[in-house]
1. Which pairs turn up if I take residues in the stretch 103-117 that are in contact (Cβ under 8 Å) with a residue 12 or more places away in the chain and look for partners that are in a helix (DSSP H, G or I) and open to solvent by 10 Å² or more (accessible area, probe 1.4 Å) with beta carbon separation below 8 Å, at least 6 apart in sequence or on another chain?
2. Consider the stretch 2-22. How many of its residues are open to solvent by 10 Å² or more (accessible area, probe 1.4 Å) and within 14 Å of residue 62 (Cβ to Cβ)?
3. Mind checking which residues of the stretch 118-155 are in contact (Cβ under 8 Å) with a residue 60 or more places away in the chain and either closer than 19 Å to residue 70 by Cβ or of a type in the set (S, T, N, Q) (or both)?
4. Out of curiosity, is residue 204 part of a loop (DSSP other than H, G, I, E, B) and open to solvent by less than 70 Å² (accessible area, probe 1.4 Å)?
5. Output yes when any residue across the stretch 76-84 is among the aromatic types (Phe, Trp, Tyr), out of contact with any helix residue (DSSP H, G or I) (no Cβ under 8 Å at 6 or more places or on another chain) and under 18 Å from residue 110 (Cβ atoms), and no when none is.
6. Only one of 171, 196, 183 is farther than 21 Å from residue 101 by Cα, at pLDDT 95 or above and in a loop (DSSP other than H, G, I, E, B). Can you tell me which?
7. Just a yes or no: is a residue in the stretch 188-201 over 24 Å from residue 9 (Cβ atoms), touching a helix residue (DSSP H, G or I) at 6+ places or on another chain (Cβ under 7 Å) and open to solvent by less than 30 Å² (accessible area, probe 1.4 Å)?
8. If I filter the stretch 23-45 down to residues being more than 16 Å from residue 13 (Cβ to Cβ) and within 16 Å of the chain's Cα centre (by Cα), which single residue comes out as surrounded by the most Cβ atoms within 10 Å (Cβ to Cβ)?
Amino acid sequence: MKIQVANEDIDLLPQKAFLWQRQKLLGLSDVHLGKAESYQHAGVPMPSGAHRDDLNLIADLIDRHGIEHVVILGDWIHDKHSLSELVVRDLNSFFAAYRNVQWSLILGNHERASHELLKRFPFQMVIEDMEIGPFLFTHGHKYKKVPQFQIQGHTHPLVRIHEGPLKLKLPCFHLEKNCLTIPAFGSLTGGYVIRPGKNDRVFAIGSDSIFEVDTRP
């Protein structure tokens, strides 16, 4: 679904990412790679391998849209225990296959203790936020009031759908006057139900499509 913000066309993708086609830029947030490995470290039995599905999906989006720059709005990994030998090996293969793509990582709250570990990968690492054209890309865990249009992640937004007996909570894009919050990309992420303002727009994600939700009471 295409929207226009800050006089630019942005495509909201059902894969829980956005596309700025004019810049050949793919944006996504909150992948939380290696979450299973972090749980294993804490003694919780969880099978490995979910990170491969997420990497394969990113690869598909890059190939399909001719992406030259990927901007990750924080929480690429879950925590410092995420980078197991298996995850690192798969990441090295992934980045080798996309060595011609520019990679920018805006560090999120889950990466506080992992900055040195992440230096082994080809990221341009950004501490707080990144300005490109009319946009300010940021993770979203620190409140900001800025003149630019802000695109952020962090909150893993969900919208509640009530249609007769049908009750669902779906990932969504939440568009406010000067900010777009994007859903969590990772396959092992949960979320939080938003409370949109009366002038906000909400775009829910179905199995393979996006649709605008009427959130008026």
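1. 103/95; 107/115
2. Result for the stretch 2-22: 3.
3. So in the stretch 118-155, the residues in contact (Cβ under 8 Å) with a residue 60 or more places away in the chain come out as 132-135, 137-141, 148-149, 151-154.
Residues satisfying the conditions are 132, 133, 135, 137, 138, 139, 140, 148, 151, 152, 153, 154.
4. Working: part of a loop (DSSP other than H, G, I, E, B): no; open to solvent by less than 70 Å² (accessible area, probe 1.4 Å): yes.
It is false that residue 204 is part of a loop (DSSP other than H, G, I, E, B) and open to solvent by less than 70 Å² (accessible area, probe 1.4 Å).
5. First, pick out the residues of the stretch 76-84 that are among the aromatic types (Phe, Trp, Tyr): 76.
Subset that is out of contact with any helix residue (DSSP H, G or I) (no Cβ under 8 Å at 6 or more places or on another chain): none.
Within the stretch 76-84 (the criterion being among the aromatic types (Phe, Trp, Tyr), out of contact with any helix residue (DSSP H, G or I) (no Cβ under 8 Å at 6 or more places or on another chain) and under 18 Å from residue 110 (Cβ atoms)), the answer is no, since none of the residues qualifies.
6. Sole residue among the options that is farther than 21 Å from residue 101 by Cα, at pLDDT 95 or above and in a loop (DSSP other than H, G, I, E, B): 183.
7. Scanning the stretch 188-201 turns up no residue that is over 24 Å from residue 9 (Cβ atoms), touching a helix residue (DSSP H, G or I) at 6+ places or on another chain (Cβ under 7 Å) and open to solvent by less than 30 Å² (accessible area, probe 1.4 Å).
8. Here is the first cut: in the stretch 23-45, the ones more than 16 Å from residue 13 (Cβ to Cβ) are 32-45.
Subset that is within 16 Å of the chain's Cα centre (by Cα): 32-35.
Details: 32: 27, 33: 25, 34: 30, 35: 24.
By that ranking, first place goes to 34.
The values are calculated or read from the model by the stated rules, or taken from the named source; none is laboratory data. The model shown is predicted, which means the values in this text are computed figures rather than measured ones. Heads up, the Cβs are rebuilt from the backbone with ideal geometry, glycines too, and the neighbour counts pull from every protein chain shown. All accessible areas refer to the heavy atoms of the entire protein, side chains included, with ligands and DNA or RNA removed. Shrake-Rupley method; radii C 1.70, N 1.55, O 1.52, S 1.80 Å.
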